[in-house]
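To start, the structure itself, in structure tokens.
The values are calculated or read from the model by the stated rules, or taken from the named source; none is laboratory data. Keep in mind it's a predicted model, so treat the numbers as computed, not measured. Here the Cβ positions follow ideal geometry from the backbone for every residue, glycine too, while neighbour counts run over all protein chains shown.
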């Protein structure tokens with residue numbers, strides 16, 4: 001049976017999973033345009049998709065962030081329609097395994113610029129991972145776009161930076177999360193930038209020392225706590241790994257020394273990467 005949403009979007013193939021819903025490729029039968037549709041079951045009772053659509057609307061004029069074309073629901077699901085994009089960095093990594101340093105730095109420059117734009121709007125993404133960066137289509141095929149704002153939040157409260165506090169669990173991905181995330185410390189701009197650093201090192205090395213541990217499904221509370229401690233130690237030791245280029249080590253040293261409320265020096269980070277492209 002053909003599934004039509006909002007009387008015009010014909011659902012096609014499933015193309016991914018978001019932080020709280022499935023993502024499908026769809027065809028606008030009126031305009032012939034292809035789009036992406038994120039679907040969240042109403043029975044989940046989270047209403048996270050509505051919050052995500054609000055964030056997309058707020059970031060509407062920011063380049064390389066999808067535009068919401070429609071948000072609505074039927075008796076079963078909530079739907080959000082956005083621009084269709086290309087393959088993700090995860091897909092690209094699965095195809096090539098390791099990236100040369102030049103490519104890693106070129107990707108890093110694009111993504112630092114993207115995070116800077118989001119941070120300047122008072123938001124932190126909180127789920128930086130290869131799945132959430134997609135290449136554009138056609139003329140945008142070399143430009144990376146950022147998606148999935150399910151964990152995104154404002155770091156500004158009452159016109160000032162939110163206070164430092166403890167959280168109850170880790171937010172985002174175990175593989176790319178910052179050291180502070182494993183310590184259950186509230187995330188801020190520095191954590192987006194640190195997660196990006198883990199991701200860039202992953203691209204260069206092909207794998208991360210803690211990856212197998214972070215992908216385990218641990219239900220025992222004591223084992224779970226030990227897992228975090230083990231990953232923290234491995235992520236801390238990363239700074240002493242001789243197989244990682246000094247430009248990436250210096251990046252990690254810088255971001256790990258940032259204060260909770262401190263604004264990262266995006267220009268410094270970008271210039272350091274550009275200087276190593278020469």
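Before moving on, here are some points about what is shown:
- Boolean, residue 260 is in contact (Cβ under 8 Å) with a residue 40 or more places away in the chain, in contact with a strand residue (DSSP E or B) (Cβ under 9 Å, 6 or more places away or on another chain) and surrounded by 12 or more Cβ atoms within 10 Å (Cβ to Cβ): yes
- Segment 100-124 - residue that is part of a loop (DSSP other than H, G, I, E, B) and out of contact with any strand residue (DSSP E or B) (no Cβ under 6 Å at 6 or more places or on another chain) and, of those, surrounded by the fewest Cβ atoms within 10 Å (Cβ to Cβ): 100
- Filtered by the rule that a residue be closer than 21 Å to residue 120 by Cβ and assigned to a loop (DSSP other than H, G, I, E, B), segment 135-149 gives 143, 147, 148, 149.
- Looking across 195, 188, one residue alone is over 19 Å from residue 133 (Cβ atoms), surrounded by 15 or more Cβ atoms within 10 Å (Cβ to Cβ) and modelled with pLDDT of 95 or more. It is 188.
Table: residues versus (1) modelled with pLDDT of 95 or more; (2) surrounded by fewer than 21 Cβ atoms within 10 Å (Cβ to Cβ); (3) under 20 Å from residue 64 (Cβ atoms).
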| position | (1), (2), (3) |
| --- | --- |
| 126 | yes, no, yes |
| 148 | no, no, yes |
| 180 | yes, yes, no |
| 206 | yes, yes, no |
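- The residues listed here are 268, 277, 258; of these, the one that is at pLDDT 95 or above and either part of a loop (DSSP other than H, G, I, E, B) or under 21 Å from the mean Cα position of the chain (by Cα) (or both) is 258.
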